[in-house]
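The values are calculated or read from the model by the stated rules, or taken from the named source; none is laboratory data. Model, not experiment: these values are computed from the prediction. As a convention, Cβ positions derive from the backbone with ideal geometry for all residues, glycine included, and neighbour counts pool all protein chains shown.
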Amino acid sequence: MNSKIIVIGSSNTDMVLKTARFPKPGETILGGEFFVFQGGKGANQAVAAARLGGEVSFICKVGNDSFGNVAIAAYANDGINVGAVLMDDQAPTGVAVITINAAGENSIVVASGANARLSVDDIQQSGNLLKDAGWLLTQLETPLPVIEFLAGYARAQNKNLILNPAPAAVLPASVYDNLFLITPNETETELLTGIEVTDEASAKSAALVFKSKGVQNVIITMGSKGAYVDTDSFQGIVESIKVKAVDTTAAGDVFNGAITVALAEGKEWKEAVQFACKAAAFSVTKMGAQISAPTLKEVTI
């Protein structure tokens, strides 16, 4: 199978405001620093995969506005094929308004905008781009009909579909049955399986639930603890490297971009997960989403 990757997902502009505390309802307070970052789980994962050496195309929908134009230019600058990025005249580019208090806690409001209008027809219009890829990576900021289409398409066309089920949502059985890999974190795993993941034993039990639904391979990301892996060739915890975390916003997205690149390049499971854990650890040492995604050189030092 070829190593070309298509990421299908969301593109947002993140507006981040740091403040001492969250305002009460009806209250106005003076905040601190303000940042504008490129975000969206799909975009974060596409950028991460491209910076780590993947041959990446991105399918998403942005508004026909300044945020959309800036996003497309940024993706192209990272070496991503943006030929299938669509502009919507009816809805604005998605935005996320993020407030971070002095304790590092955040409060986020997302307006999906054009992301919610990505359709199966849009995906089908990508034509040979989709046909030529061996690996598909998507998330649940994508409308469910698109996810269902991708699941059926991947099985019919012998593509490897990786689903990062974030934010977690109820999925039809047909989606699980057509997944090459699912990559939930602990919270998403509990919502989807009913099992609270606190250690290797509970992670193993949850992974077995996913496999009973038809998923071929399972990776449960566990933050600083690393990741639990259940595949035919390896089962167990792969530990993360220890770093001082500054902003964990995009750690999961970087992990997903990295694991896709590693698998597409033919790495064995344990080595691939070690690579992804290292990339994710590097990302939390910087502020922001896409801006924190490391390069291949940084991860392989």
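Can you spot a residue in region 54-61 that is under 23 Å from Pro294 (Cβ atoms), under 18 Å from the mean Cα position of the chain (by Cα) and in a loop (DSSP other than H, G, I, E, B)? I'd like the intermediate steps shown before the answer.
So in region 54-61, the residues under 23 Å from Pro294 (Cβ atoms) come out as 54-58, 60.
Checking the rest, the ones that are also under 18 Å from the mean Cα position of the chain (by Cα) come to 54-58, 60.
Those left that are additionally in a loop (DSSP other than H, G, I, E, B): 54-55.
Yes, because at least one residue in region 54-61 is under 23 Å from Pro294 (Cβ atoms), under 18 Å from the mean Cα position of the chain (by Cα) and in a loop (DSSP other than H, G, I, E, B).
List the number of the failed condition for Ser174; all other conditions in (1) at pLDDT below 95; (2) surrounded by 20 or more Cβ atoms within 10 Å (Cβ to Cβ) hold.
Result: Ser174 passes all but (2).
Between a residue in region 107-127 that is over 20 Å from Leu17 (Cβ atoms) and any residue that is exposed (fewer than 13 other Cβ atoms within 10 Å of the Cβ) and acidic (Asp, Glu), which pairs come within a Cβ distance under 7 Å, given they are 6 or more apart or on different chains?
From residues that are over 20 Å from Leu17 (Cβ atoms), there are no pairs.
Residues being at pLDDT 95 or above, under 22 Å from Ser224 (Cα atoms) and in a loop (DSSP other than H, G, I, E, B): count how many of those fall in region 155-171.
1
Could you grab me the full set of residues in region 35-53 that are among the small types (Gly, Ala, Ser), buried (at least 24 other Cβ atoms within 10 Å of the Cβ) and not in a strand (DSSP E or B)?
In the first step, residues of region 35-53 are kept if they are among the small types (Gly, Ala, Ser); the result is 39-40, 42-43, 46, 48-50, 53.
Adding the requirement that they be buried (at least 24 other Cβ atoms within 10 Å of the Cβ) leaves 39-40, 42-43, 46, 48-50.
Once the filter is applied, which keeps residues that are among the small types (Gly, Ala, Ser), buried (at least 24 other Cβ atoms within 10 Å of the Cβ) and not in a strand (DSSP E or B), region 35-53 yields Gly40, Gly42, Ala43, Ala46, Ala48, Ala49, Ala50.
Output the residues belonging to region 111-122 that are surrounded by fewer than 23 Cβ atoms within 10 Å (Cβ to Cβ) and not charged (D, E, K, R). Talk me through it step by step, then tell me what you get.
Kept after step one, since they are surrounded by fewer than 23 Cβ atoms within 10 Å (Cβ to Cβ), are these residues of region 111-122: 111-112, 116-117, 119-122.
Of everything in region 111-122, those that are surrounded by fewer than 23 Cβ atoms within 10 Å (Cβ to Cβ) and not charged (D, E, K, R) turn out to be Ala111, Ser112, Ala116, Ser119, Val120.
Being under 19 Å from Thr138 (Cα atoms), in contact (Cβ under 8 Å) with a residue 24 or more places away in the chain and not in a helix (DSSP H, G or I) narrows it down to one residue among Leu192, Leu179; which is it?
Working: Leu192 fails: not in a helix (DSSP H, G or I).
Only one candidate passes the filter, namely Leu179.
With the structure loaded, tell me whether Val254 is under 27 Å from Ala76 (Cβ atoms), in contact with a Ser or Thr (Cβ under 9 Å, 6 or more places away or on another chain), buried (at least 16 other Cβ atoms within 10 Å of the Cβ) and modelled with pLDDT of 95 or more or whether it fails that test.
Spelling it out, it is not the case that Val254 is under 27 Å from Ala76 (Cβ atoms), in contact with a Ser or Thr (Cβ under 9 Å, 6 or more places away or on another chain), buried (at least 16 other Cβ atoms within 10 Å of the Cβ) and modelled with pLDDT of 95 or more.
Which of the residues spanning region 116-141 are more than 18 Å from Val56 (Cα to Cα) and either β-branched (Val, Ile, Thr) or under 17 Å from the mean Cα position of the chain (by Cα) (or both)?
Ala116, Leu118, Val120, Leu140, Glu141
Sort out which residues of region 62-77 are among the hydrophobic types (A, V, I, L, M, F, W, C) and either part of a helix (DSSP H, G or I) or under 14 Å from the mean Cα position of the chain (by Cα) (or both), and write them in order of number. Quick ask: steps written out before the conclusion?
So in region 62-77, the residues among the hydrophobic types (A, V, I, L, M, F, W, C) come out as 62, 67, 70-74, 76.
Within region 62-77, Phe67, Val70, Ala71, Ile72, Ala73, Ala74, Ala76 meet the criteria.
If you go through region 26-41 one residue at a time, do you hit one that is touching a residue at least 24 places away in the same chain (Cβ under 8 Å) and of a type in the set (D, E, K, R)?
yes
So that you can scan it fast, the table gives a plain yes or no per residue for (1) buried (at least 20 other Cβ atoms within 10 Å of the Cβ); (2) at pLDDT below 95; (3) assigned to a loop (DSSP other than H, G, I, E, B):
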residue	(1), (2), (3)
Leu136	yes, no, no
Glu148	no, no, no
Gly152	no, no, no
Thr187	no, yes, no
Lys204	no, no, no
Lys211	no, no, no
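Looking at region 1-34, which of the residues that are under 17 Å from the mean Cα position of the chain (by Cα) and among the small types (Gly, Ala, Ser) is surrounded by the fewest Cβ atoms within 10 Å (Cβ to Cβ)?
Gly9
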